[in-house]
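Chemist: Structure below; questions to follow.
The values are calculated or read from the model by the stated rules, or taken from the named source; none is laboratory data. Everything quoted here is computed from the prediction, not taken from an experiment. Positions of Cβ are backbone-derived with ideal geometry, glycine not excepted, and every protein chain shown enters the neighbour counts. Heads up: the accessible areas ignore ligands, DNA and RNA and are worked out on the full protein's heavy atoms, side chains in. Shrake-Rupley method; radii C 1.70, N 1.55, O 1.52, S 1.80 Å.
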Amino acid sequence: MKLTEKQLIDIVKNFFPDAKDCSFTPLTSGHINETFRVDIENESYVLQRLNTTVFPNPNAIMRNALKVVTHLKSEKYPHQTLQALVTKDNTFLYQTSTSDYWRMMPFFPNTITLENTENTEQAYTAAAAFGEFLQYLDDLPAAEIEIIIPNFHNATFRKSQFDTALINANESRLTQAKNEILDIKNAFPFLARMSKLELPSRVTHNDTKISNILFAEDKKKAVAVIDWDTIMPGTILSDFGDCVRTFCTSAAEDEKDLSKVKFREEYYAAVEKGFLSTVGKLLTDVEKDNLRDGARQVILVQAMRFLTDYLEEDIYYKVSREGQNLDRARNQLELFQQMDK
Ligand code: GN1
Ligand code: MG
């Protein structure tokens, strides 16, 4: 449902009772939550409505975030953290009468997000920043962090969702997606092999895409790691993999023209070097030996998730045109196959 400016101001007033002159700018890069930049007099904030279909327990997200902020501060993490603002009732979430959950966060001035890396230096810097974030979270016991979405990066579980979607999908979508369905099925033995790896459970970010790094305006320095909603126990290969998935491609995630989708090996080298420069010393041999396959797995699982959503008629990821989830899946499969060469 589209909100009016008056409704948005009423929400802001729960955080800033005296706010008068506010302006709102939609920030549209995410696929799940609804996000606005709010300017209140001379200050800027991020206002967000959490998608409760995807995140049924928003309070758990806020409890995890608070633990992460507290931990990073105690460890003297040298970057900005996402300390949420409190409402006048002293809670991190404002719940509307229609059970929407809203939160406000700091907006860091003079920063930008990138939808794709422009050079290998940026890929190195962003990968090093995500690696550093993980490095500082290393002493936070995974058991203290709540599971936000069970089986989020569990490939076997994602495969079972895909299998169910295949049973329930309508004929037309099955026909449209027949080549991609086949490509994914052909990769099942690879997934089965990967599922046998013994990987440590760590506190991970779980959405390390390029747009989740705030860069300084010169696009050279990483200022903050953002989007902490999926921080939960996971594997380091998932975080490394999402860096590779989004930093090494030459095209947008939903690019229709596959001839524009190139897996850039020199970017891969930069991502690996950057990531290992920070968190490298903490990795086990199994983790180190499987970085590239781990990244291929993340890309394949992402293809499977987009294709599952296409077959289920776009109930999970926001779409702005028909066939967008199918294009996203094709795009990921293209990267997966190029990485094999
Ligand atoms: C979703 O909403 P956003 O853009 O932060 C998704 C990620 C996917 C990503 C694909 C909770 O993230 O897992 O990798 O889209 N988040 C959730 O771009 O499903
Ligand atoms: Mg996210």
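Chemist: Summing +1 for each Lys or Arg and -1 for each Asp or Glu, what net charge is found among the other residues whose Cβ lies under 12 Å from the Cβ of I226? List each step's numbers first, then the result.
Modeler: Values: positive: K209; negative: D207, D227, D229.
Taking every Cβ under 12 Å from that of I226, the sum is -2.
Chemist: What does the accessible area per residue of the chain come to in Å², with a 1.4 Å probe and no ligands, DNA or RNA counted? Don't skip to the answer; put the middle values down first.
Modeler: On the way: 15940 Å² over 341 residues.
Solvent-accessible surface per residue comes out at 47 Å².
Chemist: Probe radius 1.4 Å, ligands and nucleic acids left out: which of D89, D163, D327 has the largest accessible area, and how do the rest follow?
Modeler: Numbers: D89 115, D163 50, D327 15 Å².
Output order, biggest surface exposure first: D89, D163, D327.
Chemist: Moving to a separate point now. Nearest 10 degrees is fine. How inclined is helix 155-168 to the longest principal axis of the chain, computing both from alpha carbons?
Modeler: Computed tilt is about 80 degrees.
Chemist: Taking the dipole about the Cα centre of the chain, with the C-beta of Lys and Arg at +1 and of Asp and Glu at -1, give me whichever of Y94, S238, L326 is farthest to the positive side.
Modeler: Going by the charge dipole, the pick is S238.
Chemist: HN-Hα J couplings of the stretch 109-114 from phi, Karplus 6.51/-1.76/1.60, θ = phi - 60°, integer Hz, Gly and Pro as x?
Modeler: x, 6, 10, 9, 10, 10
Chemist: Sticking with this one: How tilted is helix 58-74 with respect to the longest principal axis of the chain? Cα atoms for both, answer in degrees (0 to 90, nearest 10).
Modeler: 80
Chemist: Still on this structure: To the nearest 500 deg cm²/dmol, what mean residue ellipticity at 222 nm is calculated for the chain from DSSP H runs of n ≥ 4 alone, each contributing -39,500 (n - 2.57), summed and divided by the residues? All intermediate terms of the calculation are to be shown ahead of the outcome.
Modeler: Values: 12 runs with 149 residues, N = 341.
When only DSSP H runs of four or more count, the value is -13500 deg cm²/dmol.
Chemist: Which percent of the accessible area of the chain is formed by carbon and sulfur heavy atoms (probe 1.4 angstrom)?
Modeler: On the way: 8010 of 15940 Å².
Within the chain, the accessible surface is 50 percent carbon and sulfur.
Chemist: May I pose another question? What percent do you get for the relative contact order of the chain when only Cα pairs under 8 Å and 6+ apart count? Mind showing how you got there, number by number?
Modeler: Numbers: 557 pairs, mean separation 67.1, N = 341.
Relative CO of the chain lands at 20 percent.
Chemist: Rounding to the nearest 20 debye, state how big the charge dipole of the chain is about its Cα centre with +1 on each Lys and Arg Cβ and -1 on each Asp and Glu Cβ. Walk me through the numbers on the way to the answer.
Modeler: On the way: 40 positive and 50 negative charges, 61 e Å.
The dipole of the chain has a size of about 300 debye.
Chemist: A follow-up question, please. How much net charge surrounds E313 when only other residues with a Cβ under 12 Å from its Cβ are counted (Lys, Arg +1; Asp, Glu -1)? Before the final figure, lay out the partial values.
Modeler: Details: positive: R173; negative: D309, E312, D314, E322.
Summing Lys/Arg as +1 and Asp/Glu as -1 gives -3.
Chemist: Sticking with this one: Too long at a 28 Å Cα-Cα cut-off: which of K20/K221; K273/K341; K159/K273?
Modeler: Correct reply: K20/K221; K159/K273.
Chemist: Same structure, new question: Any chance you could get the radius of gyration and Dmax over the Cα atoms of the stretch 5-107, in Å?
Modeler: 13.9, 41
Chemist: To continue, here is another question. Could you rank Y317, Y136 by how accessible they are, 1.4 Å probe, largest area first? Numbers along the way, then the final one.
Modeler: Numbers: Y317 15, Y136 55 Å².
Listed by decreasing accessible area, they come as Y136, Y317.
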